[in-house]
Each structure stands twice: as C-alpha cells, then as structure tokens.
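I have placed the structure first, in the form of structure tokens, so that the comments after it can refer back to it.
The values are calculated or read from the model by the stated rules, or taken from the named source; none is laboratory data. Everything quoted here is computed from the prediction, not taken from an experiment. A quick note on method: Cβ atoms are made from the backbone with ideal geometry, for glycine too, and the neighbour counts reach across all protein chains shown. To get the accessible areas, we keep the full protein, side chains included, count just its heavy atoms, and leave off ligands, DNA and RNA. Shrake-Rupley method; radii C 1.70, N 1.55, O 1.52, S 1.80 Å.
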Amino acid sequence: MHEDERTSGGRPSDNGTTRPGWDEYFMEIARTVATRATCPRASVGAVLTRERRILTTGYNGAPRGVAHCTDAGCLIADAHCLRATHAEANAIVQGALHGVSLQGATAYCTHQPCSGCSKLLISAGIVRIVYRDAYPDPIASLLLDEAGVILKRYEPETARA
C-alpha cells in the first residue's frame, strides 16, 4: 500500500485545498450509505474496504422480499427492531451474493457494531473497524479484542481548508 489507509488527516493538494484522509473519505461514504436506511429507528451505514477500494456497502433495512419498516412498521422486541437487518450484516451479505472476499478488510460504520454484527465481521475476516457514533456493547468489545480486530472511534476533522 503506497499511502496508509489508516491516515485520517488530509493532505494539501496542488490547488491549495485539503483532500480528505482515507478514514474521513470512507466515513463520509458510510454516512451517505446510511441515508438509504429503511428503519426509522436509526440510519446506519457500513462500507467495507481493502487497499483503499470499496468492496461492499450496507444499510439497515428489511431483508429482500420483506416489507420495509417505513412501509409496514417496525417489529419491536426488547427495544430492538427485528424487521431490519443491520448495515454491517447487509454489507457482508452483499459480499457473499457477489463472491467478494472480505478477508483483511476494514469496516467503516456510522455506528459502533453490536455484538451480533461484531461476530459476523470477525468471521468474515475484517481486521479493523472504524466507527463514528458510540453504541457501547461490552460483549462486542470483548470479542473484537479477543479476535485481534482493531476498533477505532473516528473523530472528524474540525478544520478544513
């Protein structure tokens, strides 16, 4: 890799503007992906990358062939919507549907993954997760740490040229 994918700060370009760093770039794409979410309880997006290339994306919404929460309402149990599939799971499924290996990839998520999604990300071979909004789940943190997956909270740039 010529330029570290983990670089969060931007670099000045020839015209004097600042290009976003890779973390900032992919987090902004994850935020845009989240705008497709169909569960009104949360708009969550995930972008899975490797070597600065997007492999798959996912947002939270109903499975294929099932009515969206925005059309049929949420199915709530224990304060969670059971109709919607989480963004991270949808991104992994997209890889499976299209034969895309996720081994060694980085996940950019608008929200910190829950324990269920963390297990899926670990099993899919994700090695690094960058998230913006905290969703504290001590079991997820424990499992990610045990599996050696890097979990990093993204802190957006405050000043841009």
statement: Expressed as a percent, the accessible surface of the chain that is carbon or sulfur, using a 1.4 Å probe and the full set of protein chains, is 51 percent
- prompt: Out of every Cα-Cα pair in the chain, what percent are more than 21 Å apart?
  reply: 46 percent
Cysteines without a disulfide-compatible partner [the chain; Cβ-Cβ under 4.7 Å]: Cys109, Cys114, Cys117
field: On Cα atoms only, tilt of 87-98 relative to the major axis of the chain in degrees
entry: 90 degrees
task: Taking the chain as the reference, fit the longest principal axis to its C-alpha atoms, fit the long axis of helix 22-34 to the helix C-alpha atoms, and give the angle between the two in degrees, 0 to 90, nearest 10.
output: 30 degrees
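Efficiency by 1/(1 + (r/R0)^6): what FRET value for Val93 and Thr18, r their Cβ-Cβ distance, R0 = 30 Å, to the nearest 0.05? Intermediate values should be presented prior to the final figure.
On the way: r = 36 Å, r/R0 = 1.19.
Given R0 = 30 Å and the Cβ-Cβ separation, E is 0.25.
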statement: Under the 7 Å Cα-to-Cβ spin-label approximation, Leu151 and Val66 lie apart by a distance in nanometres of 2.5 nm
message: Viscosity 1.306 mPa s, temperature 10 °C: give me the Stokes-Einstein translational D for the range 54-115 in µm²/s, with Rh taken as the Kirkwood radius over C-alpha pairs.
response: 124 µm²/s
- line: Measuring from the longest principal axis of the C-alpha atoms of the chain, the long axis of helix 115-124 (C-alpha) lies at a number of degrees, nearest 10, equal to 60 degrees
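Helix-only mean residue ellipticity at 222 nm, the chain, DSSP H runs n ≥ 4 weighted -39,500 (n - 2.57), per residue, nearest 500. What is it?
On the way: 5 runs with 49 residues, N = 161.
Rounded to the nearest 500, the figure is -9000 deg cm²/dmol.
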message: In whole Å, what are the extents of the range 19-103 along the principal axes defined by its C-alpha atoms, from largest to smallest?
response: 40, 29, 21
- prompt: Is the shape of the range 75-161 best called rounded, prolate or oblate, per the rule: a/c under 1.5 gives rounded, else a/b larger than b/c gives prolate, else oblate, with a ≥ b ≥ c the square roots of the Cα gyration tensor eigenvalues?
  reply: rounded
query: Taking trypsin sites (Lys or Arg not before Pro) as exposed when DSSP calls them loop (any state but H, G, I, E, B) and at most 13 other Cβ atoms lie within 10 Å, what is the longest stretch of the chain free of them, the sites themselves excluded?
result: 65-159
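How big is the antiparallel share of DSSP beta bridges in the chain, given as a percent to the nearest 5?
Working: 15 of 24 bridges.
Taking every DSSP beta bridge within the chain, about 60 percent pair in antiparallel fashion.
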